[in-house]
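Notes follow once the structure below has been shown.
The values are calculated or read from the model by the stated rules, or taken from the named source; none is laboratory data. As the structure is a computational prediction, the values presented were derived from the model and not from experiment. Using ideal geometry, Cβ is built from the backbone for each residue, glycine included, and neighbour counts are taken over all protein chains shown. For the accessible areas, the whole protein counts, side chains as well, though only heavy atoms, and no ligand, DNA or RNA atoms are used. Shrake-Rupley method; radii C 1.70, N 1.55, O 1.52, S 1.80 Å.
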Amino acid sequence: QVQLVESGGGLVQPGGSLRLSCAASGISFSIFGMGWYRQAPGKQRELVAAITSGGRLNYADSVKGRFTISRDNAKNTVYLQMNSLKPEDTAVYYCNARRDIVPFREYWGQGTQVTVSS
């Protein structure tokens, strides 16, 4: 079965850093694009950062220069390094895996809470 297991969330002060990890199993990781999404209370789920199977990067404007997505295919893991965190970054962060060749398939993790507060 497919599993996306997230870790690294928690409470951090403004200006601090966190690193989220998402370990995937049950998929051919190298042919999946990976992404991080977030959903804050009362808001739509939004793309934070994504990395395709070929290594192309995409970031939300709100996190450019602060967040970095990366992947380690040998470990079947995608990371989100979050620096200079702001209270508006507070949300549940979800790991997403999307197959980049047909048949297209998509999977989601359970989410991990990130709270930025003093």
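Among the candidates GLY42, GLY65, GLY15, the residue that is farther than 17 Å from GLY109 by Cβ, touching a residue at least 60 places away in the same chain (Cβ under 8 Å) and either open to solvent by 40 Å² or more (accessible area, probe 1.4 Å) or among the hydroxyl-bearing types (Ser, Thr, Tyr) (or both) is uniquely GLY15.
Results for (1) assigned to a loop (DSSP other than H, G, I, E, B); (2) aromatic (Phe, Trp, Tyr); (3) on the phi < 0 side of the Ramachandran plot; (4) in contact with a strand residue (DSSP E or B) (Cβ under 6 Å, 6 or more places away or on another chain), shown as yes or no for each residue.
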| residue | (1), (2), (3), (4) |
| --- | --- |
| SER30 | no, no, yes, no |
| LYS43 | yes, no, yes, no |
| GLY55 | yes, no, no, no |
| GLY65 | yes, no, no, no |
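The residue that is least open to solvent (accessible area, probe 1.4 Å), counting only those in the stretch 72-96 that are touching a helix residue (DSSP H, G or I) at 6+ places or on another chain (Cβ under 8 Å) and more than 19 Å from GLN13 (Cβ to Cβ), is ASN76.
Just one of the numbered conditions (1) surrounded by fewer than 20 Cβ atoms within 10 Å (Cβ to Cβ); (2) among the aliphatic types (A, V, I, L, M); (3) in contact with a Gly (Cβ under 9 Å, 6 or more places away or on another chain) is not true of ILE101: (3).
From the residues in the stretch 1-12 that are of a type in the set (Gly, Ala, Ser) and open to solvent by less than 40 Å² (accessible area, probe 1.4 Å), which one is farthest from the chain's Cα centre (by Cα)? Residue satisfying both the conditions and the ranking: GLY10. Pairing each residue of the stretch 81-94 that is under 19 Å from CYS22 (Cα atoms) with any residue that is among the basic types (Lys, Arg) and open to solvent by 40 Å² or more (accessible area, probe 1.4 Å), provided the two are 6+ apart or on different chains, yields C-beta distances under 8 Å for GLN81/ARG19; MET82/ARG19; ALA91/LYS43; TYR94/ARG45. Annotation: of all residues in the stretch 86-116 being touching a Ser or Thr at 6+ places or on another chain (Cβ under 7 Å) and in a loop (DSSP other than H, G, I, E, B), the one that is farthest from LYS43 (Cα to Cα) is ASP100.
Each row is one residue, and each column tells you yes or no for (1) open to solvent by less than 20 Å² (accessible area, probe 1.4 Å); (2) touching a residue at least 24 places away in the same chain (Cβ under 8 Å).
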{"site": "GLY26", "(1), (2)": "no, yes"}
{"site": "PHE29", "(1), (2)": "yes, yes"}
{"site": "TYR37", "(1), (2)": "no, yes"}
{"site": "GLY55", "(1), (2)": "no, no"}
{"site": "ILE69", "(1), (2)": "yes, yes"}
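Identify all residues within the stretch 67-85 that are polar (S, T, N, Q), touching a Leu at 6+ places or on another chain (Cβ under 9 Å) and assigned to a loop (DSSP other than H, G, I, E, B); write none if there are none. ASN83 - this is the single residue of the stretch 67-85 that is polar (S, T, N, Q), touching a Leu at 6+ places or on another chain (Cβ under 9 Å) and assigned to a loop (DSSP other than H, G, I, E, B).
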